[in-house]
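Down below is the structure, laid out as structure tokens.
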Amino acid sequence: MKKLSARQEEILGFIRKHIEEEGISPTLEEIAAAFSFSPAAAHYAIDALARKGALEKDEGRSRGIRLKDEERDERENIEIPLFPSEPSPADVREGYPDKACYVPRRIARSGAYAFIVRSESMRDAGIIPGDIAIMTDDISSLKDGDIVLADQGDESGQIELRRYRRLPGYVLLIPDNAIMGIRKSNSAKVYGILAAIRRDYGLPASRT
């Protein structure tokens, strides 16, 4: 795809958002209204985006604007396992629960999983029991400040979401909850990095 101007990026972003939220592409009239264009100017803008390879269009349809294949792939939903609570390492490796959820491919890649949050460890970050945490199991990009699913490597075996911070010789697992303590460990294990949070208002925290 050829380099787009700032205005063309705005128009393409509007089209992406419209497709994500409405499930259909916008009409030329809707694009014109959104950017205070004339219909002719909107038509010219879409032609220019098509010439640059940013999208495809079907001249015979009022909603004939289509994202290119790579754009559609990024927005395609994929199925990932959904655990009823913070999963153990064995669950992540071997367990495939009866339930699943669907998330956009741009959020979760192969090896991703999700679980219903039960702990209040990240309450002050706005993550509450009943939320669905979407995790990536690829920790190669782990960095300080990431929210991770981890245990502190002791006999308690407790696993929950915490902020990760590495210091010489040990790591800190920091809650976003003023009444919970920071865990310091030299044997903590990280089982995934938080990619996104989804909130289902019809799913009570006690449901399994």
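The values are calculated or read from the model by the stated rules, or taken from the named source; none is laboratory data. Owing to the predicted nature of the structure, the values given are computational and were not obtained by experimental measurement. In this analysis, Cβ positions are derived from the backbone assuming ideal geometry, glycine residues included, and neighbour counts consider all displayed protein chains. Surface areas here come from the heavy atoms of the whole protein model, side chains and all, with no ligands, DNA or RNA. Shrake-Rupley method; radii C 1.70, N 1.55, O 1.52, S 1.80 Å.
Both radii come from the Cα set of segment 90-191: Rg as radius of gyration, Rh as Kirkwood radius; their ratio Rg/Rh reads 0.95.
Here LYS189 is the anchor, and the lysines within straight C-alpha reach of less than 21 Å, apart from those fewer than 8 places off in the same chain, are LYS143. Structure remark: mean-square fluctuation, Gaussian network model of the chain, C-alpha springs under 10 Å; the largest value among GLY157, GLY130, GLY111 belongs to GLY157.
How large, in percent, is the carbon and sulfur part of the accessible surface of segment 134-199 at a probe radius of 1.4 Å? The value for segment 134-199 is 49 percent carbon and sulfur by accessible area. Taking a straight line from the alpha carbon of LYS2, these lysines sit under 23 Å away, with near neighbours fewer than eight places off in the same chain left out: LYS17, LYS52, LYS57, LYS68.
Over the chain, accessible surface divided per residue gives 56 Å², non-protein components excluded, 1.4 Å probe. The simple Förster model, with R0 at 41 Å and r as the Cβ-Cβ distance, assigns ILE24 and SER187 a FRET efficiency of 0.20.
For segment 128-139, the Karplus equation 6.51 cos²θ - 1.76 cosθ + 1.60, evaluated at θ = phi - 60°, returns couplings of 10, x, x, 5, 9, 8, 9, 10, 9, 8, 8, 9 Hz by residue, with Gly and Pro reported as x.
Percent of Cα pairs in the chain per distance bin of 5 Å, from zero to the largest separation: 1, 7, 13, 15, 13, 10, 9, 9, 9, 7, 4, 2, 1, 0.
Here the average projected area of the convex hull drawn through the C-alpha atoms of segment 8-73 stands at 4.1 nm².
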